[in-house]
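A.B. asks: Can you keep this structure in mind? I'll have questions shortly.
The values are calculated or read from the model by the stated rules, or taken from the named source; none is laboratory data. Predicted model only: the values in this text are computed from it and were never measured. Cβ: placed from backbone, ideal geometry, glycine included. Neighbour counts: every protein chain shown. Just so you know, the surface numbers come from the protein's heavy atoms only, side chains and all, with ligands and any DNA or RNA stripped out. Shrake-Rupley method; radii C 1.70, N 1.55, O 1.52, S 1.80 Å.
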Amino acid sequence: MADCIFCGIVEGTIPSEKLYEDEHVVAFQDIHAQAPVHILVIPKKHIPSVQDVGEEDGFLIAHIFSVINRLAKEHGLSEKGFRIVNNCGDEGGQTVYHIHFHLLGGRTLTWPPG
Ligand code: AMP
Ligand code: ZN
């Protein structure tokens, strides 16, 4: 998708610190980390937001969660816990319209968020 930063990261035209990549998914360091661990996990497929997820994306979404679990283990978060965040739409705080899941951890995270 032209003009999508995260499609640029998938294609390698925009630099990123990639932590994981396979046929379907890329995970990379968030540039404005909000916690000691702050990783973004995205599908290579351009899906704008959660509202655009369909039944046909079932495998992809399950796969994203399995990659998140793998990254959480690798970053030592499995025992202490972590948070997965998806912001959807303007009031939901979404700024990049290519679906992504934030994996946050490494400190106590407050709830509810602001
Ligand atoms: P959201 O507000 O949920 O749409 O999250 C977008 C996230 O993408 C923010 O946490 C940004 O810090 C992060 N971000 C934006 N551009 C980049 C980039 N080029 N590389 C890594 N992270 C980015
Ligand atoms: Zn995109």
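A.B. asks: Hey, among the residues in the stretch 28-49 that are polar (S, T, N, Q) and either part of a strand (DSSP E or B) or closer than 17 Å to His98 by Cα (or both), which one's nearest to ligand 2 (Cβ to nearest atom)? Let's see the steps before the verdict.
C.D. replies: Restricting attention to the stretch 28-49, the residues satisfying the condition of being polar (S, T, N, Q) are 29, 34, 49.
Now restrict to residues that are either part of a strand (DSSP E or B) or closer than 17 Å to His98 by Cα (or both): 29, 49.
On the way: Gln29: 18, Ser49: 11 Å.
Filtering first and then ranking leaves Ser49.
A.B. asks: Within the stretch 55-75, can one find any residue that is touching a Gly at 6+ places or on another chain (Cβ under 8 Å) and under 19 Å from Val10 (Cβ atoms)? Walk me through how you get there before you give the answer.
C.D. replies: Our first condition is that a residue be touching a Gly at 6+ places or on another chain (Cβ under 8 Å); within the stretch 55-75, this holds for 72, 75.
Going one step further and asking which of them are under 19 Å from Val10 (Cβ atoms), we end up with none.
Taking every residue of the stretch 55-75 in turn, none turns out to be touching a Gly at 6+ places or on another chain (Cβ under 8 Å) and under 19 Å from Val10 (Cβ atoms).
This table checks each residue for (1) modelled with pLDDT of 95 or more; (2) touching a Phe, Trp or Tyr at 6+ places or on another chain (Cβ under 9 Å); (3) farther than 26 Å from Thr108 by Cα; (4) assigned to a helix (DSSP H, G or I).
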| site | (1), (2), (3), (4) |
| --- | --- |
| Gln51 | yes, no, yes, yes |
| Asp57 | yes, no, yes, yes |
| Leu60 | yes, no, yes, yes |
| Phe65 | yes, yes, no, yes |
| Arg70 | yes, yes, no, yes |
| Lys73 | yes, no, no, yes |
| Gly76 | yes, no, no, no |
| Gly81 | yes, no, no, no |
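A.B. asks: Could I ask something else about it? Among the residues that make up the stretch 50-58, is at least one of them among the small types (Gly, Ala, Ser), away from ligand 1 (no atom under 15 Å from the Cβ) and out of contact with any strand residue (DSSP E or B) (no Cβ under 8 Å at 6 or more places or on another chain)? Lay out the reasoning, then the answer.
C.D. replies: The first filter runs over the stretch 50-58 and keeps only residues among the small types (Gly, Ala, Ser), leaving 54, 58.
Imposing the further condition that a residue be away from ligand 1 (no atom under 15 Å from the Cβ) reduces the set to 54, 58.
Now restrict to residues that are out of contact with any strand residue (DSSP E or B) (no Cβ under 8 Å at 6 or more places or on another chain): 54, 58.
Scanning the stretch 50-58, I find at least one residue that is among the small types (Gly, Ala, Ser), away from ligand 1 (no atom under 15 Å from the Cβ) and out of contact with any strand residue (DSSP E or B) (no Cβ under 8 Å at 6 or more places or on another chain), so the answer is yes.
A.B. asks: Condition first: more than 13 Å from ligand 2 (Cβ to nearest atom) and open to solvent by less than 20 Å² (accessible area, probe 1.4 Å). Now tell me which residues in the stretch 1-24 satisfy that.
C.D. replies: Result: no residue meets the conditions.
A.B. asks: For the stretch 14-30, how many residues meet the condition of being free of Cβ contacts under 8 Å to residues at least 12 places away in the same chain and within 11 Å of ligand 1 (Cβ to nearest atom)?
C.D. replies: Going residue by residue through the stretch 14-30, those that are free of Cβ contacts under 8 Å to residues at least 12 places away in the same chain are 14-15, 18, 21.
Next cut, within 11 Å of ligand 1 (Cβ to nearest atom) only: 14-15, 18.
Counting residues in the stretch 14-30 that are free of Cβ contacts under 8 Å to residues at least 12 places away in the same chain and within 11 Å of ligand 1 (Cβ to nearest atom) gives 3.
A.B. asks: Go through the residues of the stretch 95-105 one by one and say whether even a single one is polar (S, T, N, Q) and either away from ligand 2 (no atom under 16 Å from the Cβ) or open to solvent by less than 30 Å² (accessible area, probe 1.4 Å) (or both). Lay out the reasoning, then the answer.
C.D. replies: At the first step, the residues of the stretch 95-105 found to be polar (S, T, N, Q) are 95.
Pick out the ones that are also either away from ligand 2 (no atom under 16 Å from the Cβ) or open to solvent by less than 30 Å² (accessible area, probe 1.4 Å) (or both) and you get none.
No, the stretch 95-105 contains no residue that is polar (S, T, N, Q) and either away from ligand 2 (no atom under 16 Å from the Cβ) or open to solvent by less than 30 Å² (accessible area, probe 1.4 Å) (or both).
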